[in-house]
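What follows is a single structure, written as structure tokens, with notes after it.
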Amino acid sequence: MTPACKILKSNKIEFSIHEYEHNANAKSFGLEAAEKLNLEVKEVFKTLLVTDDKNYYVAVLPVAHQLSLKKIATVVGAKKLHMADPKDAERLTGYLVGGISPVGQKKRLKTVVDASAETLTKIYVSGGKRGLDIGVKPQDLVKVLGAQFADVLDQD
């Protein structure tokens, strides 16, 4: 059981576990999860880390979309953000890239969940390792993370 599952369980949050055989050659971990779990792409969310070189932030957004660095910077009150180095992301979260869960990270970081999640009854995020997703109500996810909903999608 991953740290993500343990935290959801200890907070009495209902969630479902979905495992699949991860293909090491998959170009997109999120799209692979949607396909292998037979889920709608809009329900599967990826977890990205961004930084201003001082602070790190977590963005949770649909796998088929790109993150708007401008929008997330505005939401978290930073001047300018860029994607975190994968090694830093792994060190800060305790998870491997491609399996980074928004829940159960080593260090709790300010987290923003894209507003599109609010309209869904359940979203699927990484459960803390490649080939493992967890289904959870978006409102429960935001609550357990102390996160907020905001539009962070790049519309270009």
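Summary table below
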| item | result |
| --- | --- |
| Residue list for the range 17-40, restricted to those being closer than 24 Å to K6 by Cα and surrounded by fewer than 15 Cβ atoms within 10 Å (Cβ to Cβ) | I17, E19, E21 |
| For F29: the one exception among (1) out of contact with any Phe, Trp or Tyr (no Cβ under 6 Å at 6 or more places or on another chain); (2) under 15 Å from V152 (Cβ atoms) | (2) |
| The range 70-80 - residue that is charged (D, E, K, R) and touching a residue at least 12 places away in the same chain (Cβ under 8 Å) and, of those, surrounded by the fewest Cβ atoms within 10 Å (Cβ to Cβ) | K79 |
| Which numbered condition S126 fails, given (1) assigned to a strand (DSSP E or B); (2) touching a residue at least 40 places away in the same chain (Cβ under 8 Å); (3) surrounded by fewer than 23 Cβ atoms within 10 Å (Cβ to Cβ) | (3) |
| Scope the range 91-118; condition part of a helix (DSSP H, G or I), of a type in the set (S, T, Y) and surrounded by 20 or more Cβ atoms within 10 Å (Cβ to Cβ); matching residues | T93 |
| Test for D88: is it buried (at least 18 other Cβ atoms within 10 Å of the Cβ), of a type in the set (D, E) and in contact (Cβ under 8 Å) with a residue 24 or more places away in the chain | no |
| Those residues of the range 17-39 which are of a type outside the set (A, V, I, L, M, F, W, C), more than 16 Å from the chain's Cα centre (by Cα) and over 20 Å from P86 (Cα atoms), in sequence order | E19, Y20, E21, E35, K36, N38 |
| Meets criteria (among the β-branched types (V, I, T) and either surrounded by 22 or more Cβ atoms within 10 Å (Cβ to Cβ) or touching a His at 6+ places or on another chain (Cβ under 8 Å) (or both)) for V142 | no |
| Output for the range 38-58, where each listed residue is over 18 Å from G127 (Cβ atoms) and either in contact (Cβ under 8 Å) with a residue 60 or more places away in the chain or small (G, A, S) (or both) | K42 |
| Among residues of the range 41-69, those that are buried (at least 16 other Cβ atoms within 10 Å of the Cβ), under 21 Å from V103 (Cβ atoms) and not hydrophobic (A, V, I, L, M, F, W, C), counted | 9 |
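No lab work stands behind these numbers, since they all come straight from the coordinates. These numbers were taken from a predicted model, which means no experiment stands behind them. Cβ sites come from the backbone with ideal geometry, for glycine too, and all protein chains shown count toward neighbours.
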